[in-house]
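Have a look at the structure below, then the notes.
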Amino acid sequence: MAGTEQVVHVWKEWGIRAQVLLSLALQVTLLILAVFRRRVDSGVLRVFVWSAYQLADFIAIYVLSHMSVAATGGGSWPDEHELLVAFWTQFVLMHLGGQDNITAYAIEDNQLWLRHLQALAVQVATAAYVLYASPIFRSDGHSSWVLQVATILNFVAGAVKYGERVWALRYASSSSSSSPGNYGALDYRSLYKYVVIVPSTSRLAAEDILYLGHKMLEFPKGLLKGSATGNNRIKFLVRRDTGPQAYISHGFCLRLEEAYKVAEVQLSLMHDVLYTKAESQCGVIRVVTSVATAVALILLFPLLLTGTSSSSSTSSDRGYNKVDAAITFVLSVGACVLEATALVRHRLSSFNWFRDETRGIKTGLLPGATASFRRFVGAADRRSQHSWSRSMGQHSLLQVCVGSKVNRSSKVARRLGVEDWWNTIACSWSVAVSPLIERLVVKQVRESCGVLASSPDHISNSRGRAVLKRKSQQLYSELEWSVDPNQLSLEDTILVWHIATDLYLLQWRNNRKGSEDLAKAVEALSNYMLFLLVARPNMLPPSASRTAYVEMCYCLTAVSYSSAEELADLLRRYGVALNTRSESFRFPYDTGMTANRLRSLHNNTALQRGSWLATKLIAEDSPSSADTMLKLMGKVWVEILCYVGIRCSGYSHAKQLSDGGELVTVAAFLLEYLKRGVLTSDTTSISPDGPTILY
């Protein structure tokens, strides 16, 4: 019992102290880790960010609750540090306001902004009550006017900061089509939306891309959040400083190579819109909170320095406890540094820079210094280079099946009934999006410039049909079934082409040496689409299901093999037998094969068609053709990628931005540009003044 009493005594003495310091440490952790969240797709990082995000609010609310209980007489605050402990309330309130670069961890946090509003009212009222019940504002000589002023300043800063967080959540959750406003009918008379472009000869190329990313931010907002004018095409107006007309209209179009860079930047910008205060924050609030915490620190410093006591037991006329004074100083400095950092980040943010560029504010001490510093540190280049994770998940059917039979961990997972879940995690990895894949996407989107959006051959509808048609009418007639939505579901199309790609690439690598980069790109696209189907089915259209994948794994894990090459050889022979209508082929079975499993294996349509397609592609290939079949498969996969991207829900696109973003979202943005009429298939942009891009 003595040990228990000692633990209780230590907790009463140090519990609040440790928790307020932990709360500050969590805020610093969030500030640092949130920088990497939008550009790193890492499960470990997600665990740390999620833990810090949840603990930050939990610890802060617990501390306020404990203080409120102590303030009513239910606690055991020692008299010697009651003053400073009550003073810590304001810092906890600031911590509840969070960091500007991570207001929401998941998209659902934005939708729950009303819950956060309720928490704001409760926690601010709790903090006010703690201060009211504390000796800080008593007229019995226990406190000084300096402490009272510092308390008021920090309390106002904390309440405003917390309110700003709730406003940011509410702003991110609202869509342009559902935002409050006056009643009125939609204007259907105009098919165009006019966008004013401010030309500049002083901006760098990366700054031009960033400028257009901001200027065209309505496009991804319409895709991810919904827009009443989402189908309007765009006409650009160029602002002129001289001449008889203030604005002129011209046929500006954006090159696809540049559009891809704009789309990548907009992934980063939309992350900031949905998960940070970048777009919704007010510069005045940043100044007010920064000045308030700085003034409070200046007032407190001499008071804490001269008012400490060497004794652990003090009274008001002897000073404050040294430990409490040190903690108060750390909390004050921490709050001041965090708010100063937020002010600097706000001033240097691309959203603030864009406002200055749009308003033509390029002179003056502050705008000029901001622009110069951003250019000195290469802010636009850094935004472009670190806009998103630039990685794509990978999942191979052959490797999953082999791993499920060979790996001991998969066997244990099977006995526990979590085989599918475990294999999805253990057999998935990621690779970088190569420049070749970027070029493949750009070239394929270019094919649809000038094609009617309602045409079956448009990239948003084709799913590979247009590619097969351009190759040859004969090949299209033979393989149309593999890409036709009326004959094959999307998940079956992905499985069929994934099997065919894997079998073809194994044969290709065994027989020839060609463009290995192209082969890797095709393989990466194939594995990526299967990864979306298996690990992130929410990124596919709502009608898609991973059931066909699970059934195929169930069938193939009953076949006898020991390596991916051996399984691929079996499937190739199976495809040859299907092509020749031979009935002599038989899969080698493992012991324990049931009749139902055998029936599922032979009746699996996707497996049959994938094996048959592989043998067809191998037969159509010839040594004289320079990677023609590889290029064909790459184009088919890009069209499937774009088909999925434009049909994926905006909610799923937005949700994935918090985990580094997806290539399929970049493709969706490009198709949105195509729909709005701002892309050109030419290699140079249309501009009356000569430069490639006119801004």
### Message
Just to check your reading of the model, which residue among GLN27, GLN54 is surrounded by fewer than 20 Cβ atoms within 10 Å (Cβ to Cβ) and either modelled with pLDDT of 95 or more or over 16 Å from the mean Cα position of the chain (by Cα) (or both)?
### Response
GLN54
### Task
Specify the residue that is surrounded by the fewest Cβ atoms within 10 Å (Cβ to Cβ); the eligible residues are those in the stretch 497-525 that are over 33 Å from the mean Cα position of the chain (by Cα) and within 19 Å of LEU613 (Cβ to Cβ).
ASN510
### Task
Give VAL44, VAL7 a once-over and let me know the one that is loosely packed, with under 12 Cβ neighbours inside 10 Å, under 21 Å from the mean Cα position of the chain (by Cα) and not hydroxyl-bearing (Ser, Thr, Tyr).
VAL44
### Query
For the subset of the stretch 397-435 comprising residues that are among the β-branched types (Val, Ile, Thr), touching a residue at least 24 places away in the same chain (Cβ under 8 Å) and not in a helix (DSSP H, G or I), which member is nearest to VAL534 (Cα to Cα)?
VAL431
### Query
Do we find that ARG470 is within 31 Å of the chain's Cα centre (by Cα) and within 17 Å of ILE640 (Cα to Cα) in this structure?
no
### Message
Given the criteria over 36 Å from the mean Cα position of the chain (by Cα) and more than 18 Å from ARG597 (Cα to Cα), does VAL576 qualify?
### Response
yes
## Note on the structure
Residue hits (the stretch 507-549; in contact with a strand residue (DSSP E or B) (Cβ under 6 Å, 6 or more places away or on another chain), more than 27 Å from ALA619 (Cβ to Cβ), assigned to a helix (DSSP H, G or I) and among the aliphatic types (A, V, I, L, M)) are VAL534
### Task
Scan the stretch 372-403 residue by residue and report those that are of a type in the set (Ser, Thr, Tyr) and either more than 17 Å from TRP429 (Cβ to Cβ) or at pLDDT below 90 (or both).
SER372, SER384, SER387
### Task
For the stretch 651-665, state whether one or more residues are free of Cβ contacts under 8 Å to residues at least 40 places away in the same chain and either part of a helix (DSSP H, G or I) or touching a Cys at 6+ places or on another chain (Cβ under 8 Å) (or both).
no
### Task
Inspect all residues belonging to the stretch 298-317 and state whether any of them is in contact with a helix residue (DSSP H, G or I) (Cβ under 9 Å, 6 or more places away or on another chain), of a type in the set (S, T, N, Q) and at pLDDT 85 or above.
no
### Query
Would the stretch 436-448 turn up any residue that is within 17 Å of ARG536 (Cβ to Cβ), in contact (Cβ under 8 Å) with a residue 60 or more places away in the chain and touching a Cys at 6+ places or on another chain (Cβ under 9 Å)?
no
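This table checks each residue for (1) acidic (Asp, Glu); (2) assigned to a loop (DSSP other than H, G, I, E, B).
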residue: LEU567; (1), (2): no, no
residue: SER584; (1), (2): no, yes
residue: ASN596; (1), (2): no, no
residue: GLU639; (1), (2): yes, no
residue: CYS642; (1), (2): no, no
### Query
List pairs: first in the stretch 476-492 and in contact (Cβ under 8 Å) with a residue 12 or more places away in the chain, second of a type in the set (S, T, N, Q) and crowded, with 16+ Cβ neighbours inside 10 Å, Cβ under 8 Å, 6+ apart or cross-chain?
SER482/THR493; VAL483/SER462; VAL483/THR493; LEU488/SER482
### Message
Out of THR358, THR328, THR424, I need the residue that is farther than 30 Å from LEU571 by Cβ and surrounded by 17 or more Cβ atoms within 10 Å (Cβ to Cβ). Which one?
### Response
THR328
### Query
For SER472, all conditions in the list (1) in the same structural domain as ILE494 (by TED's automatic domain parsing); (2) at pLDDT 90 or above; (3) among the small types (Gly, Ala, Ser) hold save one; what is the number of the exception?
(2)
### Task
Inspect the stretch 470-488 for any residue being in contact with a helix residue (DSSP H, G or I) (Cβ under 9 Å, 6 or more places away or on another chain), in a loop (DSSP other than H, G, I, E, B) and within 30 Å of MET593 (Cα to Cα) and give the result as yes or no.
yes
### Task
May I ask you to verify whether ARG345 is at pLDDT 90 or above and on the phi > 0 side of the Ramachandran plot?
no
## Note on the structure
Flagged in the stretch 480-494 as under 14 Å from SER545 (Cβ atoms) and not polar (S, T, N, Q), in numbering order, are LEU488, LEU490, GLU491, ASP492, ILE494
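The values are calculated or read from the model by the stated rules, or taken from the named source; none is laboratory data. Owing to the predicted nature of the structure, the values given are computational and were not obtained by experimental measurement. Ideal geometry is used to build each Cβ from the backbone, glycine not excepted, and the neighbour counts take in all protein chains shown.
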